[in-house]
Amino acid sequence: MFMPKTIYAKGLILISIPLLVQLAFGVAMFTLQGYYEQRIREERRASEIVFHANEMWINCAEVLLLRAYATLFAGGAPPATEKIARLNDEYSLLQRLVADDPGQRRNLQVIREETYKALELTDRFKPVMSKDQSGSAKLGVLQSNLETFQETYDVVDEISKAVQNFGAPAFLHSPDAAGEVRKATRLADGVVYAALTCSTIVAVLLFAVFVRGINAELAVMVENTERFKRGEKLNPPVKGTEELIQVDASFHSMVDDIRQAQSTKQAVIAMVSHDLRTPLGSVLGYFSLLTTGALKGASREALAGAQKQEHDIEQLMRLICDLLDLDKIEAEKLTIRLRTLPAVEIVDRAIDAVESFADWHEVSIRGADTNAEACADPDRIVQALANLLLSAITLTPGGSLVELTVAQQEDGLEMRVRSPEASVSSDVLNKQFERYQPREAGLGLELPVSKAIVHLHHGKIGATSEQPQGCTLWLRLPAAQTS
């Protein structure tokens, strides 16, 4: 089956096929119009021929009567010159009208010959009113004139018959004319309806065929985008419309490049993080020995600097771990194992994880005593809550308090971390949940990691801000999780 390969060609066919149908309709209508215009012209010409033939016969009769009257009654030269001129004019006009009809030309020739024959016969008339003639002579002249008159009458009768031959029944006055007109009207209506119906059917069918093919190709491309988001293998390249083939090929190429780049990025991050964490662990161990007094002889200034360096290295280690966790989550290599556990266990472990960080910032943490339970991965949900605490501590001025509360709800569990003294807008806070946003207010990748972990639990996470001071970071977990 012929199928155009480009959207442009398909659109051209959608336009051209109905146009061709309309063109056929127009040709049919013009043909009908031309046919009946020709019939009307023939009717008009037939009427003109009949009219001028009658005029010619009338002029001929008048000329004969005038010449016969003038001769018989000695009335002088007959005033027939004008009539003869008109007779000749009518003859010339009829010649033009019947030029394309050999039968009519022969009929006209008969009329002309008979007319001039009749005119010649009138020359044989003799006057009967002469005073010089005797009675018997006048009787003889009268007898001769009667014979001539009879011959002239016979000739005029032939002319009349020839004139009547011009009056064949015309189309518009024939008995079949009305029926033919009705037939032509029905034909024209049929052509119009057929053209519109065919044009509509063809356009709809072409549209359905073309759109079905394009939709099938687009469906494959849409499914490929979903497969790409899920990290699955793509469908084979589409076949059909050239433009969509090019788009799909570009998409496959882009996916290959992205996956290659992701693999390269993960390899680089893994390598860098491993190469960084090993020496950083050694340095961190040294500073820990120094700050705990295991190494003797260090001055007070050296101990203070060691504490700061220990804090900075811990923060750098957390950043590296967060970066690795985000890459694992994006690569769908991080799995969670759900179980039901007391919420107070999550709270206590999260506070213990950030206690040293809070002490360094001179921020106090007030935990929550609750009987609620959560359905979550213990390690990952502790990590998410601890990251909320780290972010709240970073935003809180020294000497202030961070409060952690837990509320059991019908649809799950909500944990809230509130800093009454923090000064930051909700817009800034909510933007920090996105990985590829510029970091503000001293925040790192804690909030993007928490968001990714909570979404793995099919939960929700966010932040609100009270003006002029105060902000709350919260997360909600569903009551029961289905894989």
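The values are calculated or read from the model by the stated rules, or taken from the named source; none is laboratory data. The shown structure was predicted, so the numbers you read here are calculated from the model rather than taken from an experiment. For neighbour counting, all protein chains shown are included, and Cβ atoms are generated from backbone atoms with ideal geometry for every residue, glycine included.
Go through the residues of segment 251-267 one by one and say whether even a single one is closer than 30 Å to LEU23 by Cβ, modelled with pLDDT of 70 or more, out of contact with any strand residue (DSSP E or B) (no Cβ under 6 Å at 6 or more places or on another chain) and in a helix (DSSP H, G or I). Within segment 251-267, none of the residues are closer than 30 Å to LEU23 by Cβ, modelled with pLDDT of 70 or more, out of contact with any strand residue (DSSP E or B) (no Cβ under 6 Å at 6 or more places or on another chain) and in a helix (DSSP H, G or I). So, in segment 447-460, how many residues would count as being in contact (Cβ under 8 Å) with a residue 60 or more places away in the chain and out of contact with any Asp or Glu (no Cβ under 6 Å at 6 or more places or on another chain)? Qualifying residue count, segment 447-460: 8.
Cβ-Cβ contacts under 6 Å between residues 6 or more apart (or on different chains), taken from a first residue in segment 106-119 that is more than 13 Å from ASN59 (Cα to Cα) and in the same structural domain as ASN145 (by TED's automatic domain parsing) to a second residue that is part of a helix (DSSP H, G or I) and among the aliphatic types (A, V, I, L, M), are listed as ASN107/ALA162; LEU108/LEU94; VAL110/ALA162; GLU114/VAL155; GLU114/ILE159; LYS117/VAL155.
On the stretch given as segment 360-375, residues that are part of a strand (DSSP E or B) and either surrounded by 17 or more Cβ atoms within 10 Å (Cβ to Cβ) or of a type outside the set (Lys, Arg) (or both) total 5. PRO438 fulfils the conditions (1) free of Cβ contacts under 8 Å to residues at least 60 places away in the same chain; (2) under 29 Å from LYS328 (Cβ atoms); (3) in contact with a helix residue (DSSP H, G or I) (Cβ under 6 Å, 6 or more places away or on another chain) except for a single criterion, (3).
Could you check, for segment 391-401, whether at least one of its residues is in the same structural domain as SER423 (by TED's automatic domain parsing), surrounded by fewer than 20 Cβ atoms within 10 Å (Cβ to Cβ) and part of a strand (DSSP E or B)? Taking every residue of segment 391-401 in turn, at least one turns out to be in the same structural domain as SER423 (by TED's automatic domain parsing), surrounded by fewer than 20 Cβ atoms within 10 Å (Cβ to Cβ) and part of a strand (DSSP E or B). Inclusion of ASP322 among residues that are more than 26 Å from ALA407 (Cα to Cα), surrounded by 16 or more Cβ atoms within 10 Å (Cβ to Cβ), modelled with pLDDT under 90 and within 60 Å of the chain's Cα centre (by Cα) is warranted. Looking across segment 29-69, the residues that are closer than 23 Å to PHE149 by Cβ and aliphatic (A, V, I, L, M) come down to MET56, ILE58, ALA61, VAL63, LEU64, LEU65, LEU66, ALA68.
From ARG435, ARG416, grab the single residue that is in the same structural domain as GLU345 (by TED's automatic domain parsing), at pLDDT 90 or above and either within 30 Å of ARG339 (Cα to Cα) or not aliphatic (A, V, I, L, M) (or both). The match here is ARG416. Does segment 229-248 include one or more residues that are farther than 30 Å from ILE320 by Cβ and touching a Pro at 6+ places or on another chain (Cβ under 6 Å)? Looking for residues that are farther than 30 Å from ILE320 by Cβ and touching a Pro at 6+ places or on another chain (Cβ under 6 Å), one finds at least one in segment 229-248, hence yes.
Scanning segment 405-421 for residues that are closer than 21 Å to GLN467 by Cα and either out of contact with any Asp or Glu (no Cβ under 9 Å at 6 or more places or on another chain) or not hydrophobic (A, V, I, L, M, F, W, C) (or both) yields THR405, ARG416, ARG418, SER419, PRO420, GLU421. Of all residues in segment 455-464, those satisfying the criterion of being assigned to a strand (DSSP E or B) and surrounded by fewer than 20 Cβ atoms within 10 Å (Cβ to Cβ) are LYS460, GLY462, THR464.
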